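Throughout, read-outs are computed from the coordinates displayed, never taken from laboratory work. Here the structure is a predicted model, which means the values were calculated and not measured. With ideal geometry, Cβ positions are generated from the backbone for all residues, glycine too; neighbour counts draw on all protein chains shown.
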Amino acid sequence: MEASGEILVKNKPILGAGVRTGGQPSPLDDPQYCSILQQFNVWYPENCFGLSAYDPVACDLLLGVAQGREVRGGNLIWHAYGKDLEAQFSHLARMLTVYPQIYGWNIANEIFKDDGKLRDNYATTDLILRAYDYARQLSSAKLFYSDYRLAFRSNRKWEAIYQLCDRLKREGLIDGVGIQFHRHLCRVDYFPYPFVEGQIRGLSELGLEIEFSEVNVWIWQGKSAGCGDRSARLRMQGEYYRKLYQLAERVGATKLIIWSPSDRYPFCPRNFCPNRTRKPADEPGLWDANYQPKPALRVIREAMNLDVRSPTAL
């Protein structure tokens, strides 16, 4: 992909980037960071549209720098915002009204526990349906549900998500599902690709658009035995990104969003990365903290059938 953001290869997932907007100075004031972001067709800010971290200045800066690229928004209903659903509904209305240029929103995010039960913030799924109905009335943007661990330990969580999305789809209130993949490199063996592929196809068969909306592969956390030195881990990281890209192709995902394109601004919260003394935190990006290409970048280029003789960019 050229710096102008021209589309990659027909019928392949469009590659997107998670975008860090917070902090002083803003990462968007970093020309090298922006140069990397401009190689992606889709931008997904980490949280500048969210209730707890809403920053209109950062959002406006992001939309200005994006220069016509597709920008994704979220999350609007989320347990992390607390139990005041009235405030969340009010914020939802504001975001969908103020930012009509956003192509799609995560209306609800992570409403189920790993056992498939609703989180304590929500009495019934009827509240979630109300949020989608409200959003549909306010906006023509695509409406998504987003979650993680679709194949974690049991089918219960996936079954709950499937039933919710099935009901929303039958009522014309949802367009797609954003699937999160935040993985520790040394726990790759715990990721059952055929099982996950079947789960995703089940959602796709409802007529829902599938996006791999947050993709991260950390190289240092989790069990370290057998993972090798840093060079070996970087090669393994690249192969893991390849497998995820190929999985996205097989299930017909429209987008795959690299949540931390550069290690300069890595996404690695404490609940994922307790060993945060390592700098940069766990190195999930395609470029390192000095904006030099990593093996994962070359692997992604190969998976996308791009010329690997130009390995420093997409």
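For the residues Y44, Y240, Y145, a GNM of the chain with alpha-carbon springs under 10 Å puts the largest fluctuation on Y240.
Once both axes come from the Cα atoms, what is the angle between helix 156-170 and the longest principal axis of the chain, in degrees from 0 to 90, rounded to 10? Its long axis makes an angle of about 60 degrees. Put one equal scatterer on each alpha carbon of segment 79-199, apply the Debye formula with no solvent term, and list log10 I(q)/I(0) at q = 0.20 1/Å to two decimals. Ignoring solvent entirely, the Cα scatterers give -1.16. How far is helix 126-138 tilted off the main Cα axis of the chain, in degrees rounded to 10, range 0 to 90? Approximately 80 degrees, to the nearest ten.
Considering only the chain, what is the antiparallel percent among its DSSP beta bridges, to the nearest 5?
Working: 2 of 38 bridges.
Once the DSSP bridges in the chain are tallied, antiparallel ones form about 5 percent.
Below 8 Å between Cα atoms, with a sequence gap of 6+, how large is the relative contact order for segment 14-303 in percent? So the answer I get is 15 percent.
All Cα-Cα distances of the chain, cut into 20 Å bins from zero to the largest, leave 33, 61, 6 percent in each bin in turn.
Once you mark the GluC sites (Glu not before Pro) that are in a DSSP loop and have at most 11 other Cβ atoms within 10 Å, what is the longest gap between them in the chain?
Values: sites that count: E2, E6, E205.
Longest stretch, sites excluded: 7-204.
For the chain, the 222 nm mean residue ellipticity estimated from helices alone, with every DSSP H stretch of n ≥ 4 adding -39500 (n - 2.57) and the total spread over all residues, rounds to -10000 deg cm²/dmol.
Multiplying the residue separation of R119 and E249 by 0.36 nm and removing their Cα-Cα distance gives an extension gain of 43.6 nm.
Between the beta carbons of R130 and D229, assuming R0 = 41 Å, the FRET efficiency works out to 0.20 to the nearest 0.05.
Toward the positive end of the charge dipole of the chain, with +1 on the Cβ of Lys and Arg and -1 on the Cβ of Asp and Glu, the farthest Cα among Y148, G172, N41 is that of Y148. In debye, nearest 20, what is the charge dipole magnitude of the chain about its Cα centre with +1 on Lys and Arg Cβ and -1 on Asp and Glu Cβ, if you could check? I would put it at about 780 debye.
Ordered by the count of other Cβ atoms within 10 Å of each Cβ, fewest first, R156, R183, R72 give R156, R183, R72.
To two decimal places, what compactness ratio does segment 6-108 give when its Cα radius of gyration is scaled by 2.2 N^0.38 Å? If you can, show how the numbers build up before the last one.
On the way: Rg = 14.3 Å, N = 103, 2.2 N^0.38 = 12.8 Å.
Normalised by 2.2 N^0.38 Å, the Cα Rg of segment 6-108 equals 1.12.
Using the basic label-point model (7 angstrom from Cα toward the beta carbon), what is the A87 to L61 distance in nanometres? For the pair A87/L61, the computed spacing is 2.5 nm.
Neighbour counting of Cβ atoms within 10 Å sorts the residues C48, C227, fewest neighbours leading, into C227, C48. The stretch between R201 and S140, if pulled fully straight at 0.36 nm per residue, gains 19.4 nm over its current Cα-Cα span. Mind checking which aspartates and glutamates have their Cα closer than 17 Å to the Cα of K169? Skip sequence neighbours fewer than 8 apart in that chain. Within the straight-line limit of under 17 Å, K169 reaches these aspartates and glutamates: D126, D133, D147, E159, E205, E209, E211. Relative to one another, the C-alpha centroids of segment 61-91 and segment 117-140 are positioned 15 Å apart. Listed from fewest to most Cβ neighbours within 10 Å, the set T97, T21 follows the order T97, T21.
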